[in-house]
Amino acid sequence: IVTRATFDANGNRGETGDGLEDLDDGFDIDEVGPGDIWVSIARSSMSNNFDEGLDLDEAGEGSVDVQIHTVVADGNEDEGVKVDEEDDGDLSVGMGRTSSSNSLSQDGVDLTEEGDGNLWLVVDRSVIVGNDNNGIAAEQADAGEGGILVKRSDLTGNGEEPIDAEGIDDINVSRTAR
């Protein structure tokens, strides 16, 4: 559980030569092997990072459950929010009153579910605008179901699509600008 935290301006745009790797995300968890990632983030900022604002990677058997409320993940070089789940397990993300906007080179939100498992995304009262690529990119790559529900949100002004969903048939968008 993360509350009222700031993970801004990590990494740099040049070579450091210090041998340190993967220090350019705002908030980063890499889980390898069997196990789950459960994250709840509220009233926090993950902006202007050299890579992602929020970067969660689950490799091996296990699921990812992420709840994000009143978070700003704007102006990151890559995605504002990126969550990957490999192998068996589900990926579930809930976003409320969150901004994931103005990515300099990628999507606002990028979710990938590989292996047997389901992908579910709920976005409510959020702003995902002005990203270089898609507002939301979601891929259900292997066996499993997927669904996206977006309500009362703004997905305008992205470089490509408001929502680019692969392998997901259940997409419901209501009272949303796109």
Review point. Taking a point 7 angstrom from the Cα of residue 156 along the C-beta vector, which residues in region 102-117 have backbone N less than 20 Å away?
Key: 102-103, 108-109
Check your understanding: How large is ³J(HN,Hα) for each residue in region 119-132, as worked out from phi by the Karplus curve 6.51 cos²θ - 1.76 cosθ + 1.60 (θ = phi - 60°), to whole Hz, x for Gly and Pro?
Key -> 10, 10, 10, 10, 10, 9, 6, 10, 10, 10, 10, x, 7, 4
Review point. So what are the three principal axis dimensions of region 38-78 from its Cα atoms, in whole Å, longest to shortest?
Key: 32, 21, 7
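Find the accessible area per residue for region 21-178; the probe is 1.4 Å, ligands and nucleic acids are left out, and the unit is Å². Spell out each step's value before the answer.
Details: 6560 Å² over 158 residues.
Ligands and nucleic acids excluded, the result is 42 Å² per residue.
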Check your understanding: Over the Cα atoms of region 120-178, how large are the radius of gyration and the largest Cα-Cα distance (Dmax), in Å?
Key -> 11.2, 32
**Study point:** For the chain, built as a Gaussian network whose Cα springs stay under 10 Å, the top-fluctuating residue of 113, 85, 161
**Key:** 161
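For the chain, with only Lys/Arg (+1) and Asp/Glu (-1) charged at the beta-carbon, what is the dipole magnitude about the Cα centre, in debye rounded to 20?
Working: 10 positive and 45 negative charges, 357 e Å.
The dipole of the chain has a size of about 1720 debye.
Do you know the relative contact order of the chain, to the nearest whole percent, from alpha carbon pairs under 8 angstrom that are 6+ apart?
Working: 600 pairs, mean separation 26.6, N = 178.
Relative CO of the chain lands at 15 percent.
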Point to revise | Inter-probe distance in nm under a simple model that places probes 7 Å from Cα toward Cβ, at residue 125 and residue 23 | key: 3.8
Practice item. Go from 0 up to the bin containing the longest alpha carbon distance in region 1-143, width 10 Å each, and give me the % of pairs per bin. Key: 14, 43, 35, 8, 0
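Going from most exposed to least, what order do 104, 149 have by accessible area with a 1.4 Å probe?
Working: 104 90, 149 55 Å².
Most to least solvent-accessible, the answer reads 104, 149.
Ignoring ligands, DNA and RNA, what percent of the accessible area of region 29-107 is carbon or sulfur (1.4 Å)?
On the way: 1360 of 2880 Å².
C and S atoms contribute 47 percent here.
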Exercise for review: Would you work out which of 115, 102, 91 lies farthest towards the positive end of the dipole of region 82-121, given +1 charges on the beta-carbon of Lys and Arg and -1 on that of Asp and Glu, about the Cα centre?
Suggested key: 102
Review point. Taking θ as phi - 60°, what are the ³J(HN,Hα) couplings along region 4-9 by the Karplus curve (6.51, -1.76, 1.60), each to the nearest whole Hz, with x for Gly and Pro?
Key: 6, 10, 10, 10, 10, 6
Check your understanding: Once both labels are modelled 7 Å past Cα along the beta-carbon direction, what's the residue 1-residue 172 spacing in nm?
Key -> 2.9
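The values are calculated or read from the model by the stated rules, or taken from the named source; none is laboratory data. Just so you know, these numbers come straight off a predicted model, no measurement behind them. Counting neighbours? That spans all protein chains shown, and the Cβs are built from the backbone with ideal geometry, glycine included. Areas reflect the complete protein model, heavy atoms only, side chains present, ligands, DNA and RNA absent. Shrake-Rupley method; radii C 1.70, N 1.55, O 1.52, S 1.80 Å.
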